[in-house]
Each structure stands twice: as C-alpha cells, then as structure tokens.
1. If Lys and Arg each add +1 and Asp and Glu each add -1, what is the summed charge of the other residues whose beta carbon sits under 10 Å from the beta carbon of A:ASP248?
2. Projected onto the charge dipole of chain B (+1 at Lys/Arg Cβ, -1 at Asp/Glu Cβ, origin at the Cα centre), which of B:PHE118, B:ALA174, B:PHE305 gives the Cα projection farthest towards the positive end?
3. Mind checking the mean number of beta-carbon atoms from other chains within 10 Å of the Cβ atoms in B:250-256?
4. Taking the label point as lying 7 angstrom from Cα along the Cα-to-Cβ axis, what are the distances from A:GLU39 to the corresponding position in the remaining copies, in ascending order and in nanometres?
5. Give a residue-ordered list of calculated ³J(HN,Hα) values for the stretch B:218-234 (Karplus: 6.51 cos²θ - 1.76 cosθ + 1.60, θ = phi - 60°; whole Hz; x for Gly, Pro).
6. Pull up all non-local amide H partners of A:PHE16: gap of 5 or more, or a different chain, and H-to-H distance under 5 Å with H placed in the peptide plane.
7. Longest span of chain A, sites excluded, free of trypsin sites (Lys or Arg not before Pro) in DSSP loop with at most 14 other C-beta atoms within 10 Å?
8. As a footprinting exposure proxy, order A:THR86, B:THR166, B:THR120, B:THR290 by other Cβ within 10 Å, with the fewest listed first.
Number of protein chains: 2
Amino acid sequence: MNAPVKPLTLPKKDRFDIPDGVLYLDGNSLGVLPKGAAERAARTITQEWGGELIKAWNTAGWMALPQVVGDRIASLIGAPEGSVATGDTLSIKVYQAVAAGLKMRPDRKVILSDTGNFPTDLYMVEGLIKTIGKDYELRTVAPEAVADAICEDVAVVMLTQVDYRTGRMHDMAALTKAAHAAGAVMIWDLAHSAGAVPVDLAGCHCEFAVGCSYKYLNGGPGAPAFIYCRPDLVETVEPALAGWLGHDAPFAMEMNYRPAMSTERLRIGTPSIVQLSILDEALNAFEGVTMDEIRAASIRLSERFIQEVEARCPMLVLASPRNPDNRGSQVSFAFENGYEAIQALIARGVIGDFRAPNIMRFGFTPLYLDETDVVKAAEILEGIMASEAWKDPKYAVRARVT
Amino acid sequence: MNAPVKPLTLPKKDRFDIPDGVLYLDGNSLGVLPKGAAERAARTITQEWGGELIKAWNTAGWMALPQVVGDRIASLIGAPEGSVATGDTLSIKVYQAVAAGLKMRPDRKVILSDTGNFPTDLYMVEGLIKTIGKDYELRTVAPEAVADAICEDVAVVMLTQVDYRTGRMHDMAALTKAAHAAGAVMIWDLAHSAGAVPVDLAGCHCEFAVGCSYKYLNGGPGAPAFIYCRPDLVETVEPALAGWLGHDAPFAMEMNYRPAMSTERLRIGTPSIVQLSILDEALNAFEGVTMDEIRAASIRLSERFIQEVEARCPMLVLASPRNPDNRGSQVSFAFENGYEAIQALIARGVIGDFRAPNIMRFGFTPLYLDETDVVKAAEILEGIMASEAWKDPKYAVRARVT
C-alpha cells in the first residue's frame with residue numbers, strides 16, 4: 001500500500017490578486033494584495049465605523065483586534081498566545097524593546113548590533129541614546145563577527161535575523177545562547193523572517209522580538225508592527241512609551257501610569273483599526289499551511305532561481321549565502337548597474353528591487369510563487385543582461401523609492 | 001440695497017453617511033464616516049496596492065501622502081505649509097514633542113501640565129522621565145492654576161487646549177506668552193481642537209503642537225496623528241524617535257542618522273497608507289468652509305443644547321464652562337448615574353459618551369449637526385431623565401469602551 005499522497009498546499013495563488021503579467025519577487029518589501037482584503041476594509045469602514053460609530057469599539061471587536069492579530073502572528077513565530085502586541089511601526093517597537101532591555105541591565109552600557117542591520121533599527125537606538133543622554137554606546141560589527149563581539153559589557157544584543165540586503169540569516173538559537181551566556185538581553189528583529197522562515201521564539205528564549213507585517217505577512221502598506229516579550233519577563237518591563245492603551249485600566253482615566261499585567265503594556269495609542277482589519281484578513285492565507293512547508297518551498301524556489309540566474313547571467317554575482325540554511329527567503333545579486341537593471345526588469349513585469357549600493361534583491365513568497373514563475377523571471381533577466389537593455393538612459397532616472 | 005445673503009455653508013450633512021435615526025453627539029471621540037472614504041480606501045487597496053504593488057510608493061503618491069495630509073491639517077490650525085508631519089499616534093507625537101522640548105532647555109527639569117489633561121499625555125511624560133532616568137519632574141496643577149505655576153524652573157509647559165471631560169478651553173495665546181516669558185517651551189495638544197475651534201499656531205508662536213485626526217477631522221478609527229514644529233526651530237530639533245523616514249535620505253541606507261532639514265524629521269516609520277488615504281478624503285469636508293464659520297455654528301449648537309437641557313433636565317449639572325469663549329466644541333453634564341444615562345440615550349439613538357467619574361459628554365460637529373438635531377437630542381434626554389429610564393439594570397453593564 002502506498003503512503004497517502006500529501007495534497008499540494010502551496011502555492012495558494014488563488015488567495016491573492018496579482019496583476020496579469022506580473023512576476024512579483026518583492027514580497028520582502030511589500031506583500032501582494034490578499035483576496036478579501038478590500039472587502040474586509042470596506043466592511044470595517046462602512047458597516048463598523050459608518051454603522052456602529054463609537055460603539056464599534058465594543059460591538060465590532062475593535063478593542064480586542066490588536067490582541068487577536070497578535071495571537072495569529074504569534075502562531076507563525078513560535079510564540080505563545082498573549083505574548084505578542086501589535087501596533088505602531090517597527091521603528092517604535094525597536095525603541096520599546098531596546099529601552100526595556102537597557103533597563104534590565106542597568107550596569108551595562110553597550111548595545112551591540114551588526115553593520116548589516118536595517119538602518120532604522122540603528123537610528124532608533126541612536127535616538128534612544130541621545131534621549132537618555134548618558135554614556136551608552138551603539139557598537140556595530142560585521143554580521144559574521146557578532147558572536148565574538150558579545151562580551152560582558154554588552155547590555156543588549158539587537159540583530160535582524162535576515163539581512164535586508166543579502167538575505168544572510170543569523171542563527172537565532174546560537175546567538176541568543178551566546179548573548180545569555182554573557183548576561184546580555186537578546187532582541188530579534190523579524191522583519192524579513194515573520195511568515196518567511198520558521199522562527200521559534202519560545203525555544204530560543206530571547207527576551208524580545210519585533211517585526212513588521214507588510215512584507216511576508218501581506219498586511220498592506222503601513223500595516224501595524226508587532227512586539228514579542230518573553231512571558232516570564234513582561235511584568236518587569238518598564239515601558240518607555242507608556243501610552244494609555246498599555247495601561248491596566250485605560251478607561252479609568254487615572255492620573256498615573258500603571259501598566260497592564262500582560263504584553264498589552266507594550267501597546268501605546270489608539271490602534272489603526274482599518275490596517276489591522278486588513279492584516280487580520282491577510283493572515284487567513286497562512287491557514288492550513290505550516291511554516292516548515294513554506295520554508296521548504298522557499299528553498300526550492302530560491303535554489304532554482306540561483307541556478308537559473310548563474311547559468312544565464314554570468315555578470316551577476318551572488319550576494320547571498322550559497323547555503324540555503326544561512327539564507328532567508330530572498331536572493332540577492334551584486335551588479336554595478338543593479339539599479340538600472342532592476343528598472344528594466346520592472347518594465348518587463350518582473351518586480352524585484354534595488355538596495356544601495358549595488359544589490360538586486362529578489363524575494364520568494366511561496367504562498368503565491370511557483371517554480372515556473374522563478375524560471376520565467378530568470379529568463380527575462382537573462383534577456384536584459386544579454387541585450388544590455390539596462391543601458392537605456394530611461395532606467396537611470398531615480399525615483400524616491402526603488 | 002440689502003447686503004448679499006451669505007449662502008448657508010453648514011451643515012454639510014450630505015458629505016457624511018450617518019445611520020438613519022442616529023443623533024451623533026460623539027464626534028469628539030470618533031468622527032462619523034465621510035462619504036467617499038470607503039471608495040478611497042478601496043482605490044488605495046485594490047488599484048494602488050493591488051495593481052501597482054511596490055511601485056505605488058512612487059506612482060500613487062504614497063511617499064508624499066504624509067506631507068500632503070500634513071499641509072491640509074496645517075491649513076486648519078493656523079500653521080504654515082510644511083510645518084506639520086503626520087503619522088503614528090498622538091501618544092507618540094506627545095513623546096516626540098516633550099523629548100525635543102526638554103533638549104531645548106537642558107538646565108531645567110520640570111514639565112508642567114494640568115490635572116485635566118488627557119491621561120496618555122501624562123503617561124507618556126512619565127515614561128519619558130523614566131527613560132531619561134534623571135531628576136525630571138512632571139508637575140500637574142489644576143487647569144485654572146496653570147498660569148501662576150509657570151515659573152523659571154519649568155522646561156516645558158504641555159497642555160491640551162480643550163479638556164476632554166469638561167470642554168474647558170485654555171487661552172493658547174496668553175499661556176504661550178506666559179510660558180515664553182518664563183523661558184519655557186510650549187506644547188499644545190489639539191486633540192479636541194483641530195477641526196473644532198480656530199487655532200492660530202503661527203500667531204501664538206508655540207514651539208510644538210500635536211493632535212489626532214479621528215475626532216473632529218473624521219479620519220476614522222486609528223487615523224494617524226500629527227505634530228507641528230515652529231519652522232524656525234525645526235533644524236535644531238534632535239528627534240528622540242529617530243526613524244528612517246525622518247532621515248534626510250531614507251533610501252541611501254546610511255549607517256548613521258542624519259535628520260531631514262524639515263518637519264519630515266518628525267516622521268518615524270512607514271506611514272499607514274490606507275488610514276492616511278481615508279483621512280485625506282475626510283479632509284475634503286472642510287473645503288469651502290472656514291474655521292470661524294465652524295466655530296460660530298458650534299457655539300450656536302452648544303448654547304442651544306445647554307439651554308434645552310437645563311430647561312428640561314434639572315438633575316443634570318453643567319460641567320462645562322458657561323461662557324462659550326472658554327469652551328471647546330463639547331458640552332458636559334455631571335450626573336451620578338451618568339454612565340447608565342448615556343447607555344439609555346444610546347439605546348434611543350442619541351450617541352454621546354461617558355467619562356469617569358460622572359461626566360456625560362456631548363460633542364458638536366457643525367459639519368453634520370444642526371439645531372433640530374440638538375433639540376431632538378435634548379428632548380430624548382428629557383424623556384430618559386423624567387422616566388428614570390436609566391435605572392433599568394441593563395444599562396449598568398459596563399463595556400470596555402464607553
């Protein structure tokens with residue numbers, strides 16, 4: 001008797017609205033539109049806001065929505081129920097986590113990060129240090145030097161698991177262990193991880209994690225961010241951003257801040273209900289599929305893309321780790337005229353993006369991509385490189401967002 | 001010859017979708033749904049996000065939208081173009097303003113506010129002080145004692161112009177002058193002012209102002225907040241929340257924060273594009289009407305409401321200033337069983353709200369209310385008070401948001 005055939009669960013292209021003729025390899029920047037998102041927003045706006053008005057905070061479940069969505073994100077990143085708060089932007093969540101982390105190690109003054117981290121993470125720490133106005137230091141080392149740089153003057157290690165340019169992936173378990181061995185607090189930024197690679201927050205035992213939801217979670221432009229706090233610590237966290245919706249009793253309108261006895265203390269102000277509703281709808285696409293299945297499919301897609309591009313485009317140099325175990329769900333190639341080449345690709349319906357100084361970036365979202373897409377994208381890229389189509393001056397005009 | 005008859009410009013009920021049978025006196029909590037908002041959101045989601053994907057940041061004007069909306073808000077609060085940044089929540093904007101204000105007066109340690117201020121403003125200052133970890137003091141005095149409490153150890157005076165409970169309105173010009181005479185930085189919270197009363201930020205010369213857009217601006221639940229910085233100061237502001245979209249060149253991905261040379265430095269992370277689009281649409285309702293006209297209509301409505309309620313409901317005690325010059329666009333009555341009375345009112349289609357401990361709160365938005373509405377609301381309130389309908393036990397069940 002044969003083993004039962006596992007039904008094909010990926011991709012789920014029918015769950016998304018992708019324009020005809022577009023091969024979208026930029027889900028690592030902004031995920032595509034999930035079907036149902038527009039209808040959900042319309043319901044939130046017309047029926048709930050329009051029809052229920054202020055009552056909708058109760059009758060339409062708006063008050064609970066940040067926590068509902070937080071729990072759904074938690075299930076994708078190995079975090080227990082109730083441990084993830086949603087809202088604000090990733091920058092704000094970074095600030096909250098680092099400020100709380102520093103409070104946990106009052107005798108230490110160093111925040112350690114790496115030079116591959118996304119700039120806003122570093123900027124937010126700069127702003128925090130200036131605000132505190134004491135002798136804190138943001139120390140950045142090369143990504144591969146992080147493990148050796150964790151020492152006993154480090155208060156907080158703050159890393160983004162997957163490098164936004166190269167896709168290089170840190171070993172969360174090992175680095176968290178190293179941070180804890182040195183007595184440091186560990187903060188992971190999951191911007192390029194959530195919904196893309198399996199994450200085991202509970203298992204790695206880090207203190208905090210943060211992330212955004214408009215990339216692989218497909219929450220749409222400006223979708224809310226999230227923050228995880230290890231449940232055994234949450235009652236010790238002193239929120240730097242002590243907003244009323246993190247208060248234990250927001251509507252008691254007390255004069256003094258008294259934080260909620262849960263992850264809710266990491267909420268701040270009024271949640272962006274329309275964006276949260278869209279995100280809630282977007283998360284439906286993850287139903288019935290495991291992060292391990294997504295990861296396996298992602299590796300198949302990215303391995304195939306590397307193979308095709310290297311065979312077809314000898315002038316492009318792989319900028320991502322070759323070993324898929326060390327790579328997130330994206331593949332990058334270095335090319336001096338990468339900006340122009342990406343514009344030429346976009347003009348031909350293959351949407352990737354460019355990151356300074358010379359990185360052509362391609363994200364692989366197995367929820368809506370298959371190997372045929374990937375091969376076709378490589379073929380079109382080959383055509384551009386072979387014909388030097390990227391030399392057309394029109395592709396050199398720089399828009400603000402690329 | 002007669003003077004030309006001024007066309008009636010208010011109310012503009014046809015610009016809003018208000019449910020049949022509802023008299024909405026809660027625009028000071030959540031404004032009603034402007035017509036066109038759902039269609040605008042649908043366009044942003046389906047055509048822009050769905051159709052343009054990542055390109056929409058340029059092609060659909062998403063990158064510029066925070067500034068476009070900021071300029072529209074600026075025009076309603078007496079601020080020049082380019083002086084208002086939008087995004088995040090009001091709590092975050094309070095933090096930015098106070099942190100920046102303290103940096104401007106490094107030798108002073110007191111933040112002065114009043115006990116009528118909305119709790120989150122006070123909480124955010126508490127959080128900021130704990131983050132700085134030095135001997136700062138949040139000093140709160142009664143609203144009427146603020147002027148006398150401004151002295152030379154005050155670094156920042158932070159006040160909400162219109163009290164969220166009583167509607168009592170501070171004199172912005174006089175208090176700003178007093179703050180400046182004592183060498184303090186002045187921050188105004190316009191949560192209950194923007195779109196409700198004329199504000200002259202440029203004229204009052206305050207350093208900062210902040211506000212939200214889901215009350216009288218009708219931006220919807222979770223609409224973005226705003227912050228004003230006096231243009232001559234903006235280049236000296238050190239952002240505490242130093243996010244990448246406040247960077248002078250966000251897409252250069254530099255390692256170090258270098259703030260934009262404009263109010264844009266008060267932006268932080270990725271803007272909530274769907275909510276911003278809705279707000280942009282909502283602001284259309286302010287076209288063709290001046291804030292002075294809105295104010296005149298607001299006073300007519302609130303004066304009439306006070307007169308009707310006092311004549312009909314002797315057990316309700318006016319909790320707002322009697323002189324309309326000292327009152328924003330709301331009227332509050334104190335009543336021991338105010339919570340239950342508001343629930344009974346809501347059940348009869350008159351939506352006001354309750355604020356602890358005993359305040360029945362009624363907001364007047366002249367864009368969609370007229371005197372007939374106000375008289376009808378007072379009649380229904382009279383019926384409830386006369387019949388003691390509020391004693392029905394079903395009205396005592398407390399929901400989380402009231």
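Bear in mind these aren't lab numbers, they're just calculated from the coordinates by the rules spelled out. Nothing here was measured: the structure is a model prediction, and the numbers come from that model. Here Cβ is always computed from backbone atoms with ideal geometry, including for glycine, and neighbour counts include all displayed protein chains.
1. 0
2. Value computed over the given set: B:PHE118.
3. Values: counts 5, 9, 3, 9, 4, 8, 5.
Average neighbour count from other chains, rounded to a whole number: 6.
4. 2.2
5. Ordered by residue, 3J(HN,Hα) equals 6, x, x, x, x, 4, x, 8, 9, 9, 10, 10, 4, x, 6, 9, 4 Hz.
6. Residues meeting the criterion, in which the H sits 1.01 Å from N, are A:LYS35.
7. The answer is A:135-321.
8. Result, fewest neighbours first: B:THR290, B:THR166, B:THR120, A:THR86.
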